[in-house]
1. Determine, yes or no, whether residue 167 is under 37 Å from the mean Cα position of the chain (by Cα) and either small (Gly, Ala, Ser) or at pLDDT 85 or above (or both).
2. Which of the residues belonging to region 16-55 are without any contact (Cβ under 8 Å) to a residue 24 or more places away in the chain and assigned to a helix (DSSP H, G or I)?
3. Conditions: (1) buried (at least 16 other Cβ atoms within 10 Å of the Cβ); (2) within 26 Å of residue 114 (Cα to Cα). Residue 50 meets all but one. Number of the miss?
4. Do we find a residue being at pLDDT below 95, outside any strand (DSSP E or B), among the acidic types (Asp, Glu) and under 18 Å from residue 14 (Cα atoms) anywhere in region 126-136?
5. (1) more than 14 Å from residue 5 (Cβ to Cβ); (2) surrounded by fewer than 16 Cβ atoms within 10 Å (Cβ to Cβ): which one isn't true of residue 28, the others all being true?
6. In this structure, does residue 13 turn out to be under 22 Å from the mean Cα position of the chain (by Cα), surrounded by fewer than 19 Cβ atoms within 10 Å (Cβ to Cβ), touching a residue at least 12 places away in the same chain (Cβ under 8 Å) and under 17 Å from residue 110 (Cβ atoms)?
7. I'm told residue 84 meets every condition in (1) touching a helix residue (DSSP H, G or I) at 6+ places or on another chain (Cβ under 8 Å); (2) loosely packed, with under 12 Cβ neighbours inside 10 Å; (3) of a type in the set (D, E, K, R) except one. Can you identify the failing condition by its number?
8. For region 91-119, what are the residues that are free of Cβ contacts under 8 Å to residues at least 60 places away in the same chain, more than 26 Å from the chain's Cα centre (by Cα) and either under 26 Å from residue 24 (Cβ atoms) or surrounded by 12 or more Cβ atoms within 10 Å (Cβ to Cβ) (or both)?
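The values are calculated or read from the model by the stated rules, or taken from the named source; none is laboratory data. Since this is a predicted model, take the numbers as computed values, not measurements. As a convention, Cβ positions derive from the backbone with ideal geometry for all residues, glycine included, and neighbour counts pool all protein chains shown.
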Amino acid sequence: MMVDPLRIGPDERGTVRLYAVDIDPQDRKDMLRPKPDTPPLGARLGALLGVDWIDPDHADLFDVADLESLGLPGLLIDGAGIAEADVAPLRPKLLGIEGTVLVVYAKGFGEAPLDLRPSPMVVPIAAFAEHKTPISFAPLNSDAAEGQLETDVEEPPQNAYLTVILALLALPIFVLLVGAIVWGFS
């Protein structure tokens, strides 16, 4: 399912946005390894899309050639959980993209709604919703899975007098041990 690549909804989950970035390879490397006197990566990624911050743990900036045989369609399907049916109409376009791309997952934008204002060097390619496989539970086919557990398990009775007697016997032994240790070090 396609979603708007420039509008982030409140508490958005499960979306992946893809952008082409016209950036020199050396500038990309410098951006990914910021120096102490430059803005952090999250701020630099945010500047590409016209926002204050993009969480770098939920975004990837890379050269498409780094994907080798996987390609952008494979990354989206196998790496990001996008349904193949959603990627198929864009496959020729995705295979034709060269250079740097920015992939931002929904958590990269935080939880507030945003309207992105990409810089002139950024071109939105697409935005997708992750494919969620329905969960189903098959019944267990085992005799061990039949029946119910008993919840009325009786605890063995505890003899309170026995506990007191053991404590009274252990106390003098403990005092003798401590005394021997203290007397031995003096």
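1. Details: under 37 Å from the mean Cα position of the chain (by Cα): no; either small (Gly, Ala, Ser) or at pLDDT 85 or above (or both): yes.
The answer is no for residue 167.
2. Listed by number, the residues that qualify are 26, 27, 29, 30, 41, 42, 43, 44, 46.
3. Unmet condition: (1).
4. As a first pass, look at region 126-136 and keep what is at pLDDT below 95: 126-136.
The next check asks that each one be outside any strand (DSSP E or B); those that pass are 131-136.
Narrowing the set further to residues that are among the acidic types (Asp, Glu) leaves none.
No, that holds for no residue.
5. So residue 28 meets the others, but not (2).
6. Yes.
7. If we test residue 84 against (1) touching a helix residue (DSSP H, G or I) at 6+ places or on another chain (Cβ under 8 Å); (2) loosely packed, with under 12 Cβ neighbours inside 10 Å; (3) of a type in the set (D, E, K, R), just (2) comes out false.
8. 91, 93, 95, 96, 98
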